[in-house]
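**Q** Quick one: the structure is below, questions incoming.
The values are calculated or read from the model by the stated rules, or taken from the named source; none is laboratory data. Model, not experiment: these values are computed from the prediction. Note: ideal-geometry Cβ built from the backbone for every residue, glycine included; neighbour counts use all protein chains shown. The area values use the complete protein model at the heavy-atom level, side chains included, leaving out ligands, DNA and RNA. Shrake-Rupley method; radii C 1.70, N 1.55, O 1.52, S 1.80 Å.
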Amino acid sequence: MTPTLHVFSAAAWADAVAAALIDRLLAQPRLRLCLPTGETPAPLYAALASADAGVWSQATVVLLDDYVGLSADDPAAGGPRLRREIVDHVRPAAFIEIDQSGDLDAAVRRHDEAARDLDLAIVGLGLNGHIGFNEPGSTAASPTRVVDLHRRSREAAAGYGAEEAPERGITIGLARLLEARELWLLVTGARKAEILRAALEGPETPDVPASFLRRHPNLRVMADDAAASLLTT
Ligand code: GLP
């Protein structure tokens, strides 16, 4: 399938994606969507946090992925970060984070259930081509699971202020994400240009898990100029 590519200037990107998401919520107030953490969506969340929160009142937000074993006050912990950046501001009807309080296998099963039946999966793109923590080696059939983090993901965690570099993560599997009715891939910045080109124009390969997103019949790529600069189409 050919993804729909939306390219905005860096200055316009966050407001444009926020407007598209607000439109989506207005059209379907009971939207079930998953959201990523990371640097890419931070300006989008800031734009949404300062917009009218009323559209979120019936929505359900599911966290895309998280590190295993970080304390709730670790700046890199995904659930608390998503709360700080958006959930606490827009107050959706439900926010489902990854509850690691008991057995991890049970946490995976619960989160996989929560990730069924998503109307919209919003994901970021790792520098290594990962989607959520579907690290290189993942396929379109990869389930929701605990994963050993790739070196670059551990480095990214340090960049998010993690007190100790986490070794494992829990992620919604690519298989579940591909079942969502609609998928939006958010990509910004020149450092993502090469991996975005590989994801959209290179071969479908587990070396670049994002390349499997092209199988989705309703994929929108929301990029800024810099990230899209190496695309040929
Ligand atoms: C992180 C997270 C993903 C995120 C991706 C890109 O490690 N596991 O959920 O989408 O990598 O992160 P960033 O937007 O900070 O580049």
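**Q** Could you tell me which of HIS111, HIS89, GLY69 has its Cα farthest along the dipole of the stretch 1-148 towards the positive end, charges placed at Cβ (Lys, Arg +1; Asp, Glu -1), taken about the Cα centre?
**A** HIS89
**Q** Okay, next question. Quick check on the stretch 1-126: what are the equivalent-ellipsoid semi-axes from the Cα gyration tensor, as sqrt(5λ), descending, whole Å?
**A** The answer is 24, 16, 15 Å, longest axis first.
**Q** LEU120: net charge of surrounding residues, Cβ under 15 Å, Lys/Arg +1, Asp/Glu -1, itself excluded?
**A** That sum, taken over residues with Cβ under 15 Å, equals +2.
**Q** Evaluate the relative contact order of the stretch 1-150 (contact order divided by residue number), counting alpha-carbon pairs under 8 angstrom at least 6 apart; express in whole percent.
**A** 24
**Q** Can you work out the FRET efficiency for the pair LEU230 and GLU155, with r the C-beta to C-beta distance and R0 = 25 Å, to the nearest 0.05?
**A** 0.65
**Q** What whole-number value in Å² describes the accessible area per residue of the stretch 108-233 for a 1.4 Å probe?
**A** Ligands and nucleic acids excluded, the figure is 41 Å² per residue.
**Q** Just the Cα atoms of the stretch 72-146: what Rg and Dmax do they give in Å?
**A** In Å, with Rg to one decimal and Dmax whole: 13.6, 36.
**Q** For the stretch 141-233, just say rounded, prolate or oblate: build the C-alpha gyration tensor, square-root its eigenvalues into a ≥ b ≥ c, call rounded for a/c under 1.5, and beyond that prolate if a/b exceeds b/c, oblate if not.
**A** In terms of gyration-tensor shape, oblate.
**Q** Measure off, as a whole percent, the carbon and sulfur share of the 1.4 Å-probe accessible area of the stretch 23-82, all protein chains present.
**A** For the stretch 23-82, the apolar C and S fraction of the accessible surface comes to 51 percent.
**Q** Over what distance in Å are the Cα centres of the stretch 26-76 and the stretch 212-232 separated?
**A** 21
**Q** May I pose another question? Sticking with the crude label model, points 7 Å out along Cα→Cβ, report the distance from GLN58 to THR139 in nm, one decimal please.
**A** Each label point is offset 7 Å from its Cα along the Cβ direction, giving 4.0 nm.
**Q** Something else about it: At q = 0.08, 0.11 Å⁻¹, what base-10 log of I(q)/I(0) does the Debye formula yield for the chain when every alpha carbon is treated as an equal point scatterer in vacuo?
**A** Once normalised to I(0) and log-transformed, intensities are -0.25, -0.49.
**Q** Same structure again: From the square roots a ≥ b ≥ c of the eigenvalues of the alpha-carbon gyration tensor of the stretch 133-184, which class results: rounded (a/c under 1.5), prolate (a/b over b/c), or oblate?
**A** Since a/c reaches 1.5 and a/b is larger than b/c, the shape of the stretch 133-184 is classed as prolate.
**Q** Let me ask another. Rounded to the nearest 5, what is the percent of antiparallel bridges among the DSSP beta bridges in the chain?
**A** 25
**Q** Simple spin-label model, 7 Å along Cα-to-Cβ: ASP117 to ARG181 in nm?
**A** Here the answer is 1.2 nm between the modelled labels.
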